[in-house]
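The values are calculated or read from the model by the stated rules, or taken from the named source; none is laboratory data. Since the structure is predicted, the reported quantities are computational estimates derived from the model, not experimental observations. All Cβ positions, even for glycine, are placed from backbone atoms using ideal geometry, and neighbour counts span all protein chains on display.
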Amino acid sequence: MGARASWSGQLAFVLAASASAIGLGNLWRFPYLAARYGGGVFIAVYLSLSLTLGFVLLVTEIAIGRYARQSQLTAFGVLGHPKWNFLGVLATLVPLFILPYYNVIGGWVFRYFAAYAGAAFAGIAPTADPKAFFGAFVGAPWAPFAAMCAFTAAVVAVIVLGVKNGIERANLVLVPALLAIAVALSVYVATLPGAGEGIRYYLVPDFSSCDNIGKVMLGAMGQMFYSLSLAMGIMITYGSYMLRRDSVPKAAVRIVAADTFVAILSGFMIIPVVVVFASAGASEGVRAVIDAGPGLMFETLPKVFLSLGTAGPWFGLVFFTIVLFAALTSGISMMEAIVAAVCDFFKTSRARSVAVVSVWSVAVGALSAFGYGRWSSLRFFGLPPLDFFDTSMNILTPIVAALICVFAGWILSPKRILAECQRSGERVGFRLFYVVMVRFVAPLLIIAIVVSEVCRCLKLGGWSI
Ligand code: PFF
């Protein structure tokens, strides 16, 4: 085993962490939550939470990783608290179980990208009935599995090349491309007739649709965790590759800014087209179209694209290109967190670790890939496998986040985290704020999410990435 891999500098780290953070959560979940919870109200709550709680949690995870120079599995023990190794195990279970089904959804995105690419060049829509298209695809005997394997292969191809040669280089191309295309698409959408009304719908606070501010806060908090890839081990692992001379707080601010920018931008891409579609006489209202939840990306948006006429397939192609890039970079970060954990724990080579993790991912992913088709009778607690894994992870993630706060705030001591932040030689001006947040505010707020998520599951079940 040689020296630990590292990023080539601050920019590479910020790019990698932002690439992990920017994913399906930004492109699809944020716009639909904003539309559901009163537009500007949700945006304001989300911004305040991510700049405070999100920033604090991000600093904590990155600092733990850099301090320990280990991935999440072994970091807590290495810092002198072997009893807390259980937290490393929990934090590793999250990516271990999310990766397989994230790759299945990545496969769906890949299938849609391919369908729109073919359709755009042929000058026709990929299907006249998007709902039937989606149903036929996920229910097909082999197609979802094959698509998952294709997506997984792309992720593995990057991971196997290593931190600098693989992940860093892939991000250098994918992230700027994603940003450029997303900005261009939002500008195009703003020029569509009727877009102004959509932009108003998105930005102007609508207090009538958020009667319960607690619900808005919980929704925003859950979204923030997912969106910033927190409590998934990723930021600890990525932090462990960070150079000592680079600044943790500066990096955290930039990551929060990049992630939030893309989330807000996605609303500009999606909401106006949905509003134009809904006001052009669609049977559903805006709220119903947006509220399609998981179906929004794969059924409703293709229906909206259909209504754009000849521009539709091109719009779809550009949109699914962004989604594919975002899903790939997030998938890469998740696989890296597991590969690093296996390398650190078993002291084995990267190649061997990648092989083992790939086999795991394909084998467990098969349950979700076949779960709506040939194995549709398979149920875990009454849910299809993908829904079950997603629901369990929605509960485990905030538990891990709360425990990380307890560890940093009460066991390791906030002083050690703040000292790590000062290694780059800068003065840290948020000491008191950090201590209060990590010791009291963050754990209490996070426990509220766990309780609400458990209540929701007991009543409803269902998946909600
Ligand atoms: N943060 C990503 C998003 O907003 O879509 C999602 C994600 C990335 C989830 C990495 C899990 C993960 F390990």
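Structure notes:
- Pick from region 29-41, criterion within 16 Å of the ligand (Cβ to nearest atom) and of a type outside the set (Ser, Thr, Tyr), ranking: modelled with the highest pLDDT: PHE30
This table checks each residue for (1) more than 16 Å from the ligand (Cβ to nearest atom); (2) touching a Phe, Trp or Tyr at 6+ places or on another chain (Cβ under 6 Å); (3) not in a helix (DSSP H, G or I).
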{"site": "ALA5", "(1), (2), (3)": "yes, yes, yes"}
{"site": "LEU27", "(1), (2), (3)": "no, no, no"}
{"site": "ALA44", "(1), (2), (3)": "yes, no, no"}
{"site": "SER48", "(1), (2), (3)": "yes, no, no"}
{"site": "LEU53", "(1), (2), (3)": "no, no, no"}
{"site": "VAL59", "(1), (2), (3)": "yes, no, no"}
{"site": "GLY65", "(1), (2), (3)": "no, no, no"}
{"site": "GLN70", "(1), (2), (3)": "yes, no, yes"}
{"site": "ALA75", "(1), (2), (3)": "yes, no, no"}
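- ALA282 meets all of the listed conditions (1) at pLDDT 90 or above; (2) surrounded by 15 or more Cβ atoms within 10 Å (Cβ to Cβ); (3) outside any helix (DSSP H, G or I) but one, namely (1).
- Residue within region 126-147 that is buried (at least 16 other Cβ atoms within 10 Å of the Cβ), in contact with a helix residue (DSSP H, G or I) (Cβ under 8 Å, 6 or more places away or on another chain) and outside any helix (DSSP H, G or I) present: yes
- Helices (runs of 4 or more DSSP H) enclosed by region 363-447 - at least 2 residues per element that are among the aliphatic types (A, V, I, L, M) and under 26 Å from the mean Cα position of the chain (by Cα): 385-406
- Checking every residue in region 227-249 against the condition of being at pLDDT 95 or above, in contact with a Cys (Cβ under 9 Å, 6 or more places away or on another chain), in a helix (DSSP H, G or I) and aliphatic (A, V, I, L, M) gives at least one match.
- Verdict on ALA170 being at pLDDT 95 or above, part of a helix (DSSP H, G or I), within 16 Å of the ligand (Cβ to nearest atom) and closer than 16 Å to ILE338 by Cβ: no
- Test: residue in region 205-215 that is more than 16 Å from the ligand (Cβ to nearest atom) and at pLDDT 90 or above: yes
- Residue count for region 7-25, restricted to those that are of a type in the set (A, V, I, L, M, F, W, C) and within 12 Å of the ligand (Cβ to nearest atom): 6.
- Restricting region 411-460 to residues that are at pLDDT 85 or above and among the acidic types (Asp, Glu), the residue that is surrounded by the most Cβ atoms within 10 Å (Cβ to Cβ) is GLU420.
- Test: residue in region 64-80 that is within 20 Å of LEU179 (Cβ to Cβ), basic (Lys, Arg) and touching a helix residue (DSSP H, G or I) at 6+ places or on another chain (Cβ under 9 Å): no
- Verdict on ALA132 being out of contact with any Phe, Trp or Tyr (no Cβ under 8 Å at 6 or more places or on another chain) and either over 23 Å from VAL304 (Cα atoms) or not small (Gly, Ala, Ser) (or both): no
- Some residue of region 63-73 being in contact with a Lys or Arg (Cβ under 6 Å, 6 or more places away or on another chain), surrounded by fewer than 24 Cβ atoms within 10 Å (Cβ to Cβ), at pLDDT 95 or above and within 28 Å of VAL406 (Cα to Cα): yes
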